[in-house]
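The values are calculated or read from the model by the stated rules, or taken from the named source; none is laboratory data. This one's a predicted model, so the numbers in the text were calculated from it and none came from an experiment. Every residue, glycine among them, receives a Cβ derived from its backbone with ideal geometry; neighbour counts consider all protein chains shown. When the accessible area is computed, the model is the full protein with side chains, heavy atoms only, and any ligands, DNA or RNA have been set aside. Shrake-Rupley method; radii C 1.70, N 1.55, O 1.52, S 1.80 Å.
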Amino acid sequence: MTSDHYDHRRGLAALLPARRHDDHDDHDGHDAGAANHHAARPCCDVGGRRVHDGGMPRIVFIGNPNVGKSSLFNAILGARARVMNAPGTTVLLEEGVYVHDGVRWDLIDTPGTYSLLPLSPDEEVAAKAVTGMDGDGAPDLIVTVVDATNISRALYFLATVLELGRPTVVALTMNDLAARQGARIEPAQLSRALDGVPVVEVDGRTGAGAGALMDAVGAHLSGTPLPHGLTRVDVDDVDLRAWVEGGADARFDWAAGVLARLDMHARDRVTVSDRIDRVLLNPVFGVIAFLLLMLGVFEATTTLAGPAQDWIDGTVRGWLVAGVDRLFAIAGPGAADSWFHSLVVDGLVDGVVTIGTFIPPMGIMFILLSLLEDSGYLARAAFVMDRAMRCMGLDGRAFLPIVIGFGCNLPALAATRTLPDSRQRVLVGMLVPFSSCTARLSVYLVLAYAFFREQAGLVVFMMYMCSIVLILLVGILLRRVRFTDVRPEPFAMSLPPYQVPRIVALVRSVLMRLWGFVRGASTIIISMLVVMWLLQAIPAGAAAGSFAKVDDVHDSVYGVVADRVAPVFAPAGFDDWHASAALMTGFVAKEVVVASMAQSYSIDTGDEDEQQQGEGSLGAAMRASFDESSGDHGRAAAIAFMLFTLAYTPCLATVAELRRQYSTRIAMQSVGLGLVVAYILAVVAFQTLRWVL
Amino acid sequence: MDTSYPLTVENCPLDEDMAITAIDVDERHRFRMLELGLRAGTVIRVVQRANFGGRVVARGTERIALDGRTASRITVAPAAG
Ligand SMILES: Nc1nc2c(ncn2[C@@H]2O[C@H](COP(=O)(O)OP(=O)(O)O)[C@@H](O)[C@H]2O)c(=O)[nH]1
Ligand SMILES: [Mg+2]
């Protein structure tokens, strides 16, 4: 427990020094005193440590938001960068081992921050990492990423970092944009103005300068000068708040001095970005443009991805099954009849295909997100939607994931990555499963046609309304009980200039993200499908057949479980094993709920569409069993079933992604929340509606 | 300026140099504004009006977006020269 005591000290308190009596070097620690910090670290800090072992120098990257820090970090580390949560938080950190001249360095990318006095958990993580209060000791070198187009703010921040007295190297980004605005900064000149602090010009999108930056890091691990006009501070002995606030004026004076030496005078003029913003931030057109763009993204992740998904689900599945069959044929006659063949086809191949079908929408989402981010529009979207989302206590950028969720929850989760505040990210991640995705639509349609015929359209529409209301209500609930510290803050954000995205950097980042998704989600998806297969393969009783040869699902362990679960739904009107079996399958994917129903009634629906299924024999079978289980209030039970389907859990892939992006705990909480909400909703709906339907 | 309303980032004219006279938000956020480069004495220009009183202010090549409430709490005066 001791190892994470920092995490229980929220907000500013967490930053006020907890006195550590290790060997703090009081002299001007620019010499190689750094390594001692590791050696003398108290043992209880070990729990909070990450990949690095003992004496590997730690290089921490820090900077304002949107300065190009992550691009630079990824250009340096490539696929070796690992995204993870800072210990005990959901704040994302990137880390990786870099080998320079045979020496291994531990590189750490922190969330962007304007200050070392944090206003959010993300900024707190950044501040702790750079001051060494994260339990890892002070970093051996700090790379401060400085945006040339926001130089005066960056210099102020740099001053704070320099005062920490650690070896510091400046990575100067965005100089190409600054040049376009006639305000290019010469790195050598800036270095002179900083009294010799090394400055390296880089461009994270092309990787230019990354090698030179790492060489500069290697050359200055032993120390860099502290510029005149700045006073070194000892974070262990000073009140952080007093230091940051008290020194602000001096830092601004110093920054003004540096700017003067750079011979920079603010060049005020109307830029291309300003002209674009006249339209995109316009009170009226801005909102229209935003909504059109959202519609475009939504269409792309659903309509555009659809054919590719169908192709993978049909053709690719066919190839895989044929390939498996051929392999089994080689193994000998009868092999294709074995349980192992069934496991491979119904378990493994199904898992691979399931993951495959998510690649098109995820890939498209990743591409669009990169385009939105890299063009500079996403920052504007936050601003345009600020007021509308603020009334729900959410960031303007939360609009995107929730809208995308109505197409497919999975890419919607990917879109939560654009929220810089980790609390917002998790909150929205937990709301996304309540967005009614198109897979759920197939369930509504069949039931609506089966039970409501003429009013089917209205019923489906009402389900969507319920989804929206649920998101609002669950959002309020979560903010009351779990995210109590999420409250609207004054909106003040730097807007980056618009720019044309770079294709190479884009393809690289999209491929890396896709790979991360496949690697992270595949284990859980495949293992769950194997479990499902096992349940259906094990016969329940002697008469039911042999292992993997159960003809009627009801006779398998799966059927028995469905039977056992069914009575739970008596208050909701569908105490029926067909329904509970379908809902269990729905844990994997909502697309298969209807197919599972048909299978359990032994009805071959062929290639009927949803309306035909609902009005045909499947609908009739469902009406019969729902009428029976609900005491002739089948329509009320059908509504309850639809509401349950809406809320009870997202599909398995989404759960896997929740786990990958946040944590196992949050994935479980999300599923638990969904189940509870769905059950309450279904019971309340049935108990009220049975008086009228 | 002899108006009954104080001149603020929200209601001041577009594209004219203005000097910030005061920022009336809570302590924590006032300091954050300062760290963003907005503090008493800073010369800015309002370059864009967005919805619900939101404003974009320019300071050299930097652009900072502010929501309406915050914008109305930053008082300004025409910058000399
Ligand atoms: N023009 C230009 N754009 C850059 C440069 N470095 C990064 N970018 C872009 O700036 C945006 C923000 O970069 P990112 O790495 O996400 O910034 P972070 O928030 O500091 O991690 C991205 O769209 C990058 O493609 C650069 O040196 N020049
Ligand atoms: Mg970043």
Considering only the stretch B:9-17, I want to know if a residue exists there that is without any contact (Cβ under 8 Å) to a residue 12 or more places away in the chain and at the interface with chain A (Cβ under 10 Å from one of its Cβ atoms).
no
Out of (1) within 16 Å of ligand 1 (Cβ to nearest atom); (2) within 22 Å of A:THR416 (Cα to Cα); (3) of a type in the set (A, V, I, L, M), the one A:ALA79 does not meet is (1)
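Restricting to the stretch A:91-102, name every residue that is more than 17 Å from A:TYR662 (Cα to Cα), in a strand (DSSP E or B) and in contact (Cβ under 8 Å) with a residue 60 or more places away in the chain.
First, pick out the residues of the stretch A:91-102 that are more than 17 Å from A:TYR662 (Cα to Cα): A:96-102.
Next cut, in a strand (DSSP E or B) only: A:96-100.
Once the filter is applied, which keeps residues that are more than 17 Å from A:TYR662 (Cα to Cα), in a strand (DSSP E or B) and in contact (Cβ under 8 Å) with a residue 60 or more places away in the chain, the stretch A:91-102 yields A:TYR98, A:HIS100.
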Here's a check for you: in the stretch A:506-518, which residue that is away from ligand 2 (no atom under 16 Å from the Cβ) and out of contact with any helix residue (DSSP H, G or I) (no Cβ under 7 Å at 6 or more places or on another chain) is nearest to the other protein chains (Cβ to nearest Cβ)?
A:VAL507
Looking only at helices (runs of 4 or more DSSP H) that lie completely in the stretch A:394-495, which have at least 1 residues being in contact with an Asp or Glu (Cβ under 9 Å, 6 or more places away or on another chain) and at pLDDT 90 or above?
A:409-415, A:422-431, A:438-452
Checked against (1) closer than 27 Å to A:LEU92 by Cβ; (2) open to solvent by 30 Å² or more (accessible area, probe 1.4 Å); (3) part of a helix (DSSP H, G or I), A:ARG326 satisfies every condition except (1)
Just for the stretch A:267-277: of the residues that are facing chain B (nearest Cβ under 8 Å) and surrounded by 15 or more Cβ atoms within 10 Å (Cβ to Cβ), which one is modelled with the lowest pLDDT?
A:ASP268
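If I go through the stretch B:8-33 residue by residue, how many of them are under 19 Å from A:ALA248 (Cβ atoms) and assigned to a loop (DSSP other than H, G, I, E, B)? Break it down into steps so the answer makes sense when it comes.
First pass over the stretch B:8-33, keeping only residues under 19 Å from A:ALA248 (Cβ atoms): B:19-33.
Subset that is assigned to a loop (DSSP other than H, G, I, E, B): B:24-26.
Final tally of qualifying residues: 3.
Just to check your reading of the model, which residue among A:MET385, A:MET392 is under 19 Å from A:ARG425 (Cβ atoms) and open to solvent by 20 Å² or more (accessible area, probe 1.4 Å)?
Values: A:MET385 fails: open to solvent by 20 Å² or more (accessible area, probe 1.4 Å).
Matching residue, one of A:MET385, A:MET392: A:MET392.
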Looking at (1) among the hydroxyl-bearing types (Ser, Thr, Tyr); (2) in the same structural domain as A:THR354 (by TED's automatic domain parsing); (3) open to solvent by 40 Å² or more (accessible area, probe 1.4 Å), which is the only condition A:TYR464 fails?
(2)
Members of the stretch B:34-78 found to be at the interface with chain A (Cβ under 8 Å from one of its Cβ atoms), hydrophobic (A, V, I, L, M, F, W, C), touching a residue at least 12 places away in the same chain (Cβ under 8 Å) and part of a helix (DSSP H, G or I), listed by number:
B:LEU36, B:PHE52
Of everything in the stretch A:395-433 that's within 14 Å of chain B (Cβ to nearest Cβ) and away from ligand 1 (no atom under 16 Å from the Cβ), which residue is least open to solvent (accessible area, probe 1.4 Å)?
A:GLY396
Sort out which residues of the stretch A:174-192 are outside any loop (DSSP other than H, G, I, E, B), more than 13 Å from ligand 1 (Cβ to nearest atom) and surrounded by 19 or more Cβ atoms within 10 Å (Cβ to Cβ), and write them in order of number.
A:LEU190
Inspect all residues belonging to the stretch A:238-258 and state whether any of them is open to solvent by 20 Å² or more (accessible area, probe 1.4 Å), in a helix (DSSP H, G or I) and β-branched (Val, Ile, Thr).
no
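Okay, residues lined up against (1) within 14 Å of another protein chain (Cβ to nearest Cβ); (2) over 21 Å from A:VAL199 (Cα atoms); (3) open to solvent by less than 10 Å² (accessible area, probe 1.4 Å); (4) not in a loop (DSSP other than H, G, I, E, B):
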{"residue": "A:GLY55", "(1), (2), (3), (4)": "no, yes, no, no"}
{"residue": "A:LEU77", "(1), (2), (3), (4)": "no, no, yes, yes"}
{"residue": "A:THR89", "(1), (2), (3), (4)": "no, yes, no, no"}
{"residue": "A:ARG104", "(1), (2), (3), (4)": "no, yes, no, yes"}
{"residue": "A:ILE108", "(1), (2), (3), (4)": "no, no, yes, yes"}
{"residue": "A:TYR114", "(1), (2), (3), (4)": "yes, no, no, no"}
Between a residue in the stretch A:633-655 that is within 18 Å of A:SER596 (Cα to Cα) and any residue that is open to solvent by 10 Å² or more (accessible area, probe 1.4 Å) and charged (D, E, K, R), which pairs come within a Cβ distance under 9 Å, given they are 6 or more apart or on different chains?
A:ALA638/A:ARG623; A:CYS651/A:GLU591
Across (1) free of Cβ contacts under 8 Å to residues at least 60 places away in the same chain; (2) under 16 Å from the mean Cα position of the chain (by Cα), A:PHE461 clears everything bar (2)
Mind counting the residues in the stretch A:334-392 that are within 14 Å of chain B (Cβ to nearest Cβ) and either of a type outside the set (Gly, Ala, Ser) or touching a residue at least 60 places away in the same chain (Cβ under 8 Å) (or both)?
15
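Do we find that A:ALA305 is small (Gly, Ala, Ser) and surrounded by 19 or more Cβ atoms within 10 Å (Cβ to Cβ) in this structure? Write out each step before concluding.
Numbers: small (Gly, Ala, Ser): yes; surrounded by 19 or more Cβ atoms within 10 Å (Cβ to Cβ): yes.
For A:ALA305, the condition - small (Gly, Ala, Ser) and surrounded by 19 or more Cβ atoms within 10 Å (Cβ to Cβ) - is met.
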Tell me, yes or no, whether the stretch A:362-383 has at least one residue that is in the same structural domain as A:LEU304 (by TED's automatic domain parsing) and assigned to a loop (DSSP other than H, G, I, E, B).
yes
In the stretch A:182-228, the residues that are among the hydroxyl-bearing types (Ser, Thr, Tyr) and farther than 19 Å from A:TYR156 by Cα
A:THR206, A:SER222
Do any residues in the stretch A:160-188 that are in contact (Cβ under 8 Å) with a residue 24 or more places away in the chain and among the basic types (Lys, Arg) have Cβ atoms under 7 Å from those of residues that are open to solvent by less than 20 Å² (accessible area, probe 1.4 Å) and part of a strand (DSSP E or B), where the two are at least six apart or on different chains, and which pairs are they?
A:ARG166/A:LEU141; A:ARG166/A:ILE142
Yes or no: A:VAL677 open to solvent by less than 60 Å² (accessible area, probe 1.4 Å), under 20 Å from A:VAL432 (Cβ atoms) and either at pLDDT 95 or above or in contact with a Lys or Arg (Cβ under 7 Å, 6 or more places away or on another chain) (or both)?
yes
If you check every pair at least six apart or on different chains, which have Cβ atoms under 8 Å apart with a residue in the stretch A:59-74 that is within 14 Å of chain B (Cβ to nearest Cβ) first and a residue that is near ligand 1 (Cβ under 7 Å from one of its atoms) and open to solvent by 20 Å² or more (accessible area, probe 1.4 Å) second?
A:GLY63/A:GLY112; A:ASN64/A:GLY112; A:PRO65/A:GLY112; A:ASN66/A:GLY112; A:ASN66/A:PRO496; A:VAL67/A:GLY112; A:VAL67/A:MET174
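Could you tell me which of the residues A:ILE468, A:ILE525, A:ILE503 is within 24 Å of the chain's Cα centre (by Cα) and either closer than 30 Å to A:VAL553 by Cα or within 16 Å of ligand 2 (Cβ to nearest atom) (or both)?
On inspection, the qualifying residue turns out to be A:ILE525.
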Meets criteria (more than 7 Å from every other protein chain (Cβ to nearest Cβ), touching a strand residue (DSSP E or B) at 6+ places or on another chain (Cβ under 6 Å) and surrounded by fewer than 17 Cβ atoms within 10 Å (Cβ to Cβ)) for B:THR21
yes
